[in-house]
Amino acid sequence: MMPRQGAALITGGARRLGRAMALNLAARGYDLIIHYNSAEEDAQALSEEASNFGAAVHLVQGDLSDASFMQNLLPQAKLLCPHLNLLINNASVFFPVSLAETELDTLDLFFSMHLKAPLILSRDFARLCEQGNIINMVDSLTLKNPVTYLPYILSKKALVDLTELTAKALGPQIRVNAIGPGYILPPVTGNADVGERWIKRTPLQRSGEVTDITAALNSLLDNPFLTGQILWVDGGHRL
Ligand SMILES: NC(=O)c1ccc[n+]([C@@H]2O[C@H](COP(=O)([O-])OP(=O)(O)OC[C@H]3O[C@@H](n4cnc5c(N)ncnc54)[C@H](OP(=O)(O)O)[C@@H]3O)[C@@H](O)[C@H]2O)c1
């Protein structure tokens, strides 16, 4: 069995890319705190699967747009796993909203998920954990400015900036990097032919695999001289 490498808190970690990163980390010897909101069954199934790698797995349920839950999450994770040394800000909401359709509550939701929660969790990680890594999940679409997703794009751009600012603020004890996926998994609510259109405009002529994301995660964790790096994992689509 792998010696324990530390412990990771993954927000929105029960399904899809969060799940893949969790299993990858369990195989690398991390214990896990999997935060989820609605995906209880998936979280339970992931917990069993990750335990097979010898990982201690803790599940924490809550809505990250609820300020009191969000502010308590990192202290709770640190109590569950005192050896916490990795935070992955992965939880996200993704749906089209144009400028004309943007209302204050929609704006609040996108900015709570993609800026406020990552910022407060990063602050608390720095306060409570002596050293480690923070990984923010951004999106290579931020480089294409699709205005049909205006508040989503704006909030993920803010997360790119937060990555650079916190990398500068938190060194040398804490490295902060981001992964910017292209089209890896179809959106939960989305249009089936988006993937084909995306592939046609992508130099590498395919969509991504979850293993492309876990490989990016591993390379950010394994290179001790990387901080403030945004690793675009998009087959060149942004170009
Ligand atoms: N999939 C892609 O191809 C792709 C492309 C570009 C960028 N990304 C980025 O990569 C990351 C992972 O992608 P993904 O597609 O796996 O993400 P996702 O399925 O869209 O979202 C991840 C999780 O966020 C959680 N979440 C949503 N609203 C929440 C709330 N109010 N409070 C707490 N948690 C909430 C959900 O948890 P529950 O299910 O438990 O409710 C969901 O499973 C995201 O940050 C995404 O923006 C992904």
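The numbers here are math on the coordinates, done by the rules we state, and not lab data. Values in this document were obtained by computation on a predicted structure and should not be read as measured data. All Cβ positions, even for glycine, are placed from backbone atoms using ideal geometry, and neighbour counts span all protein chains on display.
Within the stretch 84-137, the set of residues being more than 22 Å from Val57 (Cα to Cα) and among the acidic types (Asp, Glu) comprises Glu101, Glu103, Asp105, Asp108. Screening Arg206 on (1) within 20 Å of the chain's Cα centre (by Cα); (2) more than 22 Å from Val93 (Cα to Cα) shows it passes everything except condition (1).
Would you mind finding the one in Leu99, Leu107, Leu165 that is more than 9 Å from the ligand (Cβ to nearest atom), farther than 21 Å from Leu25 by Cα, free of Cβ contacts under 8 Å to residues at least 24 places away in the same chain and more than 16 Å from the chain's Cα centre (by Cα)? It would help to see each step written out before you state the result.
On the way: Leu99 fails: free of Cβ contacts under 8 Å to residues at least 24 places away in the same chain; Leu107 fails: free of Cβ contacts under 8 Å to residues at least 24 places away in the same chain.
Sole residue among the options that is more than 9 Å from the ligand (Cβ to nearest atom), farther than 21 Å from Leu25 by Cα, free of Cβ contacts under 8 Å to residues at least 24 places away in the same chain and more than 16 Å from the chain's Cα centre (by Cα): Leu165.
Is it the case that some residue within the stretch 170-191 is among the charged types (D, E, K, R), under 17 Å from the mean Cα position of the chain (by Cα) and on the phi < 0 side of the Ramachandran plot?
Start the filter on the stretch 170-191 by keeping residues that are among the charged types (D, E, K, R), which leaves 175.
Checking the rest, the ones that are also under 17 Å from the mean Cα position of the chain (by Cα) come to 175.
Within this subset, residues satisfying the condition of being on the phi < 0 side of the Ramachandran plot are 175.
Yes, the conditions are met somewhere in the stretch 170-191.
Looking only at residues in the stretch 148-157 that are of a type in the set (A, V, I, L, M) and away from the ligand (no atom under 13 Å from the Cβ), which one is surrounded by the fewest Cβ atoms within 10 Å (Cβ to Cβ)?
Residues of the stretch 148-157 that are of a type in the set (A, V, I, L, M), as a first pass: 150, 153-154.
Of the ones still in play, those that are also away from the ligand (no atom under 13 Å from the Cβ) are 150, 154.
Working: Leu150: 20, Leu154: 18.
Applying the filter and picking the extreme gives Leu154.
Tell me, yes or no, whether the stretch 114-131 has at least one residue that is among the polar types (S, T, N, Q), touching a residue at least 40 places away in the same chain (Cβ under 8 Å) and within 12 Å of the ligand (Cβ to nearest atom). Looking for residues that are among the polar types (S, T, N, Q), touching a residue at least 40 places away in the same chain (Cβ under 8 Å) and within 12 Å of the ligand (Cβ to nearest atom), one finds none in the stretch 114-131, hence no.
With a requirement of 1 or more residues that are among the basic types (Lys, Arg) and surrounded by 19 or more Cβ atoms within 10 Å (Cβ to Cβ), the helices (runs of 4 or more DSSP H) lying completely within the stretch 1-105 that satisfy it span 16-27, 67-80.
May I ask you to verify whether Leu143 is in contact (Cβ under 8 Å) with a residue 40 or more places away in the chain and within 15 Å of the ligand (Cβ to nearest atom)? Yes, satisfied.
Of all the residues in the stretch 69-86, those that are under 19 Å from Ile135 (Cβ atoms) and within 13 Å of the ligand (Cβ to nearest atom) number 2.
When you go through Asn223, Asn145, Asn177 one by one, which is the residue that is under 20 Å from Asn24 (Cβ atoms) and surrounded by fewer than 16 Cβ atoms within 10 Å (Cβ to Cβ)?
Working: Asn145 fails: under 20 Å from Asn24 (Cβ atoms); Asn177 fails: surrounded by fewer than 16 Cβ atoms within 10 Å (Cβ to Cβ).
None of the others qualify; the one that does is Asn223.
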